Amino acid sequence: MNFEYQKLDNGLTIIGEVDPLAQSAAVGFFVRTGARDETPQISGVSHYLEHMLFKGTDALSALEVNAAFDRLGAKFNAFTSEENTVYYAAVLPEYLMDVAGLWIQLMRPSLRNDDFDIEKNVILEEIAMYKDLPQFEVMDQARALHFGTHPCGNSVLGTNESVSALTASQMRSYFSKRYAPNNMVLACSGNFDFKALCQLAQEQCAAWGAVDTTRELEDFRGTFRTKHLQNENLARQHICLLSPALSMQDPRRFAASLLGMILGDDSGSRYYWGLTEPALAEIAAMQCESMDGTGVFYSYLCCDPDKTPKVLDIIRNIFAELEKTGVSEAELETARNKMLSAVTIKCEQPMGRLVSLGFNWIYNCNYQSVQQNVDAIKAVNAADISDIIYRLKPSKFTMLSLGPNSD
Amino acid sequence: MNNTLDIYQLKNGMILLGERIENVHSASFQFLLPAGASLLPDRCCGASSVINDWLFRGAGDRSSRELIEAFDRLGVHRHASTSAHHLSLNASLEAGNLPSALELYADVIGRPQLAAKQFELSRQLAVSELQGLDDDPRQKIMTLLYEQFYPDPFGRPAIGKLDQLQALPFERTADIVKRMPDPSKTLFSICGNYDFDAVCKQIEILFDAQSNQGLIEKQPASKGKHYSHFPSEGAQVHIGLMTPMPTVASEFYYEIAAAVSVLSGSMSSRLFTEVREKRGLCYAVGANYRTMRDYAGISCYAGTTPDKAQQTLDVILEQFRLLKDGISTDELQRAKVGLKTSLIMQGESTCARSSSIAADHFLLGRVRELAEIREKIETLSVDSVLRFLQKHPFEDFTIVTIGPNAVTV
């Protein structure tokens, strides 16, 4: 696989990982904007805007956009997080240039008032849908609690109130500040012609004007608060714990991810033996999420409301034991093998590669090959993990508990 | 696109299928065991959910901890699930660890320890998982819908029923496990980077048991009600509906696939356009074709706030019914490209293909090669799809809702 790179004069970065043997190709725009770039007055605008990009341009209506993607047989979608908005499509190689051309057009949308009004209903339905899914609700609330006033606590969806009050002109203003070429990466992986892609981008995107886009990158260790949200209609107790982890810029993030796996993988982890295997919690998972300038370890626990005190006692014991004795070489070796096989399987499809390719560039402006990822995972030793435990002290966490229990 | 297909039958009847995919480092395999939810004895609904966990709590000479650690050291990504006909054990891993992983699975399937203490823990976990379904209405509604749509026992929920799971006896469940590995009804499939001869030799040694009586298939009873509402205090009304269709073995399978694609294949499909894009009624709306050996249907889900529920249902039903009145050439062309693309991308995934070839063999008695499917898709025409729809109009709907209010059907 060859890595290719080019930057247009207006700052738009184009990257590609070319695999002539692949049966498909994937292409995406990675825009460095999300909930953390919003003020409370426009909470939810990044995600709403992501929906609005599919509503078309001056030349294409929403229905024409959908038909155009489907004519290419594209497997396409988009997602918005706290810090990125990503648009992607996987297609057969012969359609790659067409689908890339379509995305390029959509990156300069009309944002028509009529479309804005209809789509607002869809966004409000999406907010209602997640209200009925406590496993999502608990994460959203816990993140807000953990980050307090730090922008990473901003809600991606926004609220009924913030979205209802949002105007199309507020959205246009946000778009003009964030969807600047110097804040975007066009990434491609699989079987495609990089030169042709660059030529297309040069023809279609060179006129986009650069804008000074900034983001405050401040690490934040968390509020370490505890909150209980009682909902007697729920059957289970849903608990989310957050503690500080390492940023995407920190080379030790691979060690942090391995620590997350040792503690909270769904098979053979410390949570598994402490909580799932003895049937105290049907779900007990932990993972490390590295973000821009900061990071968090998330734990999600789902259990019988009556067993909550016992579950939390065991969690505290797991963390206390971890801080006392660190992790064993055998545990680390097992976690490494699980992570390596996951990397191997994911990278066998262009779509799997696209996401890590794009994010690596968005966060670090560098390329990391599959082999470099593998080497970085293999290089982690038990002392690296002990160092992370010592510095981050995962036993101190923010906790949000949602369910029938009042405390 | 032209992955190589291998097939071999052991003396005891077990069938091994393989599809080699070039340029990958992984392998994925699947054991389909004849112990699906419809085959379980009466009053044992949910036993397979217990068994999926219990099997891995000690096997051969390894304790529960030793076994899980052995799998994890090999980096095996495991998954166990249950359909109406099968209990399925799936694994994906780096191809070099394949022989060791197969040895572990031989122990799990053929020599599980089945300790009583471990049974109790597996049963408690299954009860917890079932109780958790109340907090996931999107999944719960489909479970309720299938139960109502398929004739009993084919709609029995794999996740179980609370009273039956709570009373599930250890001895009866252990007996199911012992009768489960009936080799004449077991399928093994593998995809990716593997040596088929070596895999066959190893499996021949590891799985040398003879056929036993196995679990007995039941005669289907009548279907459930036409419409049911389950009240709950949620933010949305969740709507599930299903209408019968011929199975995958039917001569019309590709016409069905095209019809479902026009209805709900992607964002330019009828449901997405009419329900979400034009009217803003829902965030989530979609339909899928689901086929078993003897029964099949198109299922559809939509979630919407209570005051829009009736309109959402009405628009969805109208779209189903309108389909037979006409499909444009462009719509069919989009459906065909979408189906072909999915097929080729599936051919890049070892995990997706190992499941597909096993399903094909069970449902059709043979494995369709990717090239054959591609050719069938190419030959579809607007006329052939409409002829099928006019012969099989969508008239009979089973409908289920969960939420603050019911709908009128």
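The values are calculated or read from the model by the stated rules, or taken from the named source; none is laboratory data. On a predicted model such as this, the values are computed, not experimentally measured, just so you know. Counting neighbours? That spans all protein chains shown, and the Cβs are built from the backbone with ideal geometry, glycine included.
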Inset, instruction - Take B:S299 and decide whether it is assigned to a loop (DSSP other than H, G, I, E, B) and either without any contact (Cβ under 8 Å) to a residue 40 or more places away in the chain or in the same structural domain as B:V382 (by TED's automatic domain parsing) (or both). - result: no
Inset, instruction - From (1) farther than 26 Å from B:L87 by Cβ; (2) surrounded by 14 or more Cβ atoms within 10 Å (Cβ to Cβ); (3) in contact with a helix residue (DSSP H, G or I) (Cβ under 9 Å, 6 or more places away or on another chain), pick out the condition that doesn't hold for B:H226. - result: (2)
Inset, instruction - Pull up region A:129-160, narrow it to residues that are assigned to a helix (DSSP H, G or I) and without any contact (Cβ under 8 Å) to a residue 24 or more places away in the chain, then point me to the one that is farthest from A:L241 (Cα to Cα). - result: A:M129
Inset, instruction - Determine whether B:G240 is touching a residue at least 40 places away in the same chain (Cβ under 8 Å), buried (at least 22 other Cβ atoms within 10 Å of the Cβ) and within 30 Å of B:D182 (Cβ to Cβ). - result: no
Inset, instruction - Report those strands (runs of 3 or more DSSP E) wholly inside region B:13-130 carrying at least 1 residues which are surrounded by fewer than 23 Cβ atoms within 10 Å (Cβ to Cβ). - result: B:15-20, B:77-82, B:87-94
Legend entry - Residue among B:G338, B:G326, B:G303, B:G286 that is surrounded by fewer than 21 Cβ atoms within 10 Å (Cβ to Cβ) and within 14 Å of chain A (Cβ to nearest Cβ): B:G286
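Just need a number here: residues in region A:322-346 that are more than 9 Å from every other protein chain (Cβ to nearest Cβ) and either of a type in the set (K, R) or without any contact (Cβ under 8 Å) to a residue 24 or more places away in the chain (or both).
Residues meeting the conditions: 3.
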Inset, instruction - Look at B:R111 and say whether it is within 9 Å of chain A (Cβ to nearest Cβ) and basic (K, R). - result: no
Inset, instruction - Could you run through region A:89-128 and say how many residues are facing another protein chain (nearest Cβ under 7 Å), closer than 28 Å to A:S176 by Cα and free of Cβ contacts under 8 Å to residues at least 40 places away in the same chain? - result: 4
Inset, instruction - Would you check which residues across region B:238-274 are in contact with a strand residue (DSSP E or B) (Cβ under 6 Å, 6 or more places away or on another chain) and either facing chain A (nearest Cβ under 10 Å) or among the acidic types (D, E) (or both) and list them? - result: B:H238
Legend entry - Residue among A:Y298, A:Y272 that alone is over 27 Å from A:D219 (Cβ atoms), aromatic (F, W, Y) and in the same structural domain as A:F397 (by TED's automatic domain parsing): A:Y272
Legend entry - Test result for B:L215, in a helix (DSSP H, G or I) and either within 24 Å of the chain's Cα centre (by Cα) or at positive phi (or both): no
Inset, instruction - Taking B:I203 as meeting all but one of (1) over 30 Å from B:N12 (Cα atoms); (2) touching a strand residue (DSSP E or B) at 6+ places or on another chain (Cβ under 7 Å), write down the number of the exception. - result: (1)
Inset, instruction - Identify, by number, the condition in (1) out of contact with any Lys or Arg (no Cβ under 7 Å at 6 or more places or on another chain); (2) at the interface with chain A (Cβ under 10 Å from one of its Cβ atoms); (3) not acidic (D, E) that B:S222 doesn't meet. - result: (2)
Inset, instruction - Report, by residue number, each residue of region A:28-61 that is at negative phi, outside any helix (DSSP H, G or I), within 14 Å of chain B (Cβ to nearest Cβ) and within 23 Å of the chain's Cα centre (by Cα). - result: A:F54
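One line per residue, one yes/no per condition, for (1) in a helix (DSSP H, G or I); (2) assigned by TED's automatic domain parsing to the domain that holds A:R353; (3) small (G, A, S); (4) touching a Ser or Thr at 6+ places or on another chain (Cβ under 6 Å):
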| position | (1), (2), (3), (4) |
| --- | --- |
| A:V185 | no, no, no, yes |
| A:S189 | no, no, yes, no |
| A:F192 | no, no, no, no |
| A:K195 | yes, no, no, no |
| A:A201 | yes, no, yes, no |
| A:A210 | no, no, yes, no |
| A:T214 | no, no, no, no |
| A:E218 | no, no, no, no |
| A:R221 | no, no, no, no |
